[in-house]
Amino acid sequence: MAKRTCCSDPSTAVSPPPISPESQTDRFNNDFLLESFLHASDFDSINTSFDTLIESRSSDSDKHDLIQRALHIGSILLEAGKRSDRKRSLFHNAVVWPLPPDLTIKVFALLDTQSVCYAAATCSFFQKCAADPSCFASIDLITSVPKVNNGVVSSLIRRAGNALQSIKLGVLPPSTSPLFCSSEPLVYSIRNSTDASGVSWNDKRSRQGKESSILTRSCLSYLSENGGAPGARLRRLHLFNIERMDNAALSASLSACPSLLDLEIVGLHVELRQTLESVSKHCPLIERLVFESSKTGRDDGLKHPTCYEFVHSCPNITTLALKGFKLHDYKARMLVKGLRKLKIVDFSTSYSFTGAFLKNLGASGGGKHLEVMILRDCMHLKEIEVEHFMGAVLAGEFERLRHLDISNREGLASDGDWFRRCYSASFIPIKQLLEERPNFCLVAEFPKGSYIDVEQPTSGDLNSDVSLASQFSSHASDGSFLMSASDSGSDSGNEDGQETSFLTYDESSDEIDFLSA
C-alpha cells in the first residue's frame, strides 16, 4: 500500500497552481462587465438591447440557447445576491441586536417551541443561538389540528439532548368552553376532524406518503436511544389524543423516563391497569398524574393488586385525576388513603362508586391532606354519602379541604333507588358551612338548581356565595389545577370498602352486576 505524502514536510508540500495572466485578465473583464451591468439605471434600454440581441440570431436554436444562458446567468446573480444579503444580515443583526449570544439563548429558552423555530429561521445569528439545547428543554407541540409527525418530535428531542425537561405532544379538540371543571370531554378523534383549511382526515390520509402529519405509536421512541439518555432527565410528559399510541408504546416511553414528575394522558387508547403498572414500575418519583379515559365508562380493568402496588411505588403523588373510569368505592379508598401526600383528587365522570369511600377518610392516610376534591358528573354518587361527608367537614375533619365540586348533570342518586335523582343541595347547611369555613368553596351545580337558590339566602348570604364562586374562578384561571370532565352515563354498582386493611377486599366485587345493585 502506497504511503501518503506528509503535508507537514515543506519540501514535499504541494503548492497551488499559479494563476495565468489570461485568467487574471478574464476575471478583471468579468468584474468590469458585472459592475457596469449592475450600475445600469435604464432598464428599458436593457430590455431593448436583449430583444435586439435575440433577433440578431439567425436560427431558432441559437435564440433558444441565448435565452437559456440569460436565464442561467440571472439565476446565478439572484442566488449570489441572496447569499450576500444573508451574510450582511448576519453581521447587521449581530451588531444591532442588543443582547449578547448567551442572553439571547436565555431569552429563546423562555419562548414556546414554535416561536423558537420561527426565530431560528430569521437569520443565521438567531439560528446559531437557537441551536443551543436549552432552547428546546421544554418542547410544546400541542396543536389544534394534526400537523406534527414523528420526525419533528425526534429532531427536537435530539436538539434538546441532556437539557430535555418537558414534552407536550398531541392534538387538543376545538372547544370554546373553559378547561377548568368543564363538563365537556377533552377526548378528540382526528378521524372526525377538519382543520381550518377544510382538509378532512380522508384527504390527509391520501397524502401521508409525501407529507404525513400524523403521530404514530413510535413518536417517542427516540427517548430510548443511546441507552435512554434523552429521556433520563425528563420531568413532564403530556400526551393528548394520539390515537395510534397503545399500551406497549406508552410503557416503552415511560421506561425511558425514570425522573418523571408530571404525567398527563388524555384520549389515548391505553388501559388504566397497564398504565398504572407502568407508572409504578418506571416512574417512582411522579408527583402529578392526570389520566382521562378515551372510552368513558368502559375501562373496568383496574384490580386490587395494581392499586396496592401503585400507592406503595409512587408515594410522592400530590395530584391524582382519574376521569371516566369504572372505579369502585374500595379502589377509590385505597388510592386516596394510600397516597399520603395527596392534595388534589379528581374522579370526575367516574362510574360505580357511591361515595362510601368518603367515610372516615380524614382519620388517617392521604385523606387528611386533601385540599381539592372534584366528583363532578359521577353517575352513582349518592346524596346520603355526600351528606355524611359534609357533616364530617362541619365536625372539623378535612381541615385543609378548601374546594369541593359535587355538580352533576344527572343529579345525585337517592339512597334507596339510584334511578330517583336528586337535583337539590338543600341537605347541605350552606349558611353554617360559610360561617365555620369562610374560605371553603362548594360547587354544586345541577340542571334544576344550585345551592345558591335552594336555600333562598338573604342578600348578605348571596354576596358571600358569589364571592366564593368568584374565588374559585380566580383559582381556575391561574392554572393551579387543570382538570376537565367527560360525558357521563350509567353503569355498574359498587361495593363499600372495609376499614381495617387494603388486603381484606375481595376481587370478585369488581364483577357486581348492574341489575343487582
Note down the nm distance, to one decimal, between modelled labels 7 Å out along Cα→Cβ at Leu38 and at Leu53.
1.8 nm
How many angstrom separate the Cα center of region 248-291 from the Cα center of region 130-162?
20 Å
Pop out the carbon and sulfur fraction of the accessible area of region 371-431 as a percent, whole number, probe 1.4 Å.
46 percent
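Where does each of 377-384, 339-346 land if you order them by average Cβ count within 10 Å, highest first? Walk me through the intermediate numbers first.
Working: 377-384: 23.2, 339-346: 20.9.
Highest-to-lowest ranking by the protection proxy: 377-384, 339-346.
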Just order 47-55, 303-311 by mean Cβ neighbour count inside 10 Å, highest at the front, would you?
303-311, 47-55
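Pairs to check: Lys343/Lys382; Lys303/Lys343; Lys168/Lys337; Lys63/Lys87; Lys147/Lys341; Lys331/Lys431. Give those whose C-alpha atoms are more than 28 Å from each other in this structure.
Values: Lys343/Lys382 23 Å; Lys303/Lys343 23 Å; Lys168/Lys337 30 Å; Lys63/Lys87 36 Å; Lys147/Lys341 39 Å; Lys331/Lys431 33 Å.
Long pairs (Cα-Cα over 28 Å): Lys168/Lys337; Lys63/Lys87; Lys147/Lys341; Lys331/Lys431.
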Among 406-412, 67-73, what's the highest-first ranking by average C-beta atoms within 10 angstrom per residue?
406-412, 67-73
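Can you work out D for region 215-360 in µm² s⁻¹ from Stokes-Einstein, where Rh is the Kirkwood radius over C-alpha pairs, the temperature is 10 °C and the viscosity is 1.306 mPa s? Each step should come with its number before you reach the end.
Values: Rh = 15.3 Å.
Approximately 104 µm²/s, per Stokes-Einstein.
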Report the Stokes-Einstein translational diffusion coefficient (µm² s⁻¹, integer) for region 266-322, Rh taken as the Kirkwood radius over Cα pairs, at 4 °C with viscosity 1.567 mPa s.
111 µm²/s
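The values are calculated or read from the model by the stated rules, or taken from the named source; none is laboratory data. None of the values given here were measured: they were computed from a predicted structure. All Cβ positions, glycine included, derive from the backbone under ideal geometry; neighbour counts span all protein chains shown. Side chains included, ligands, DNA and RNA excluded: accessible areas come from the protein's heavy atoms. Shrake-Rupley method; radii C 1.70, N 1.55, O 1.52, S 1.80 Å.
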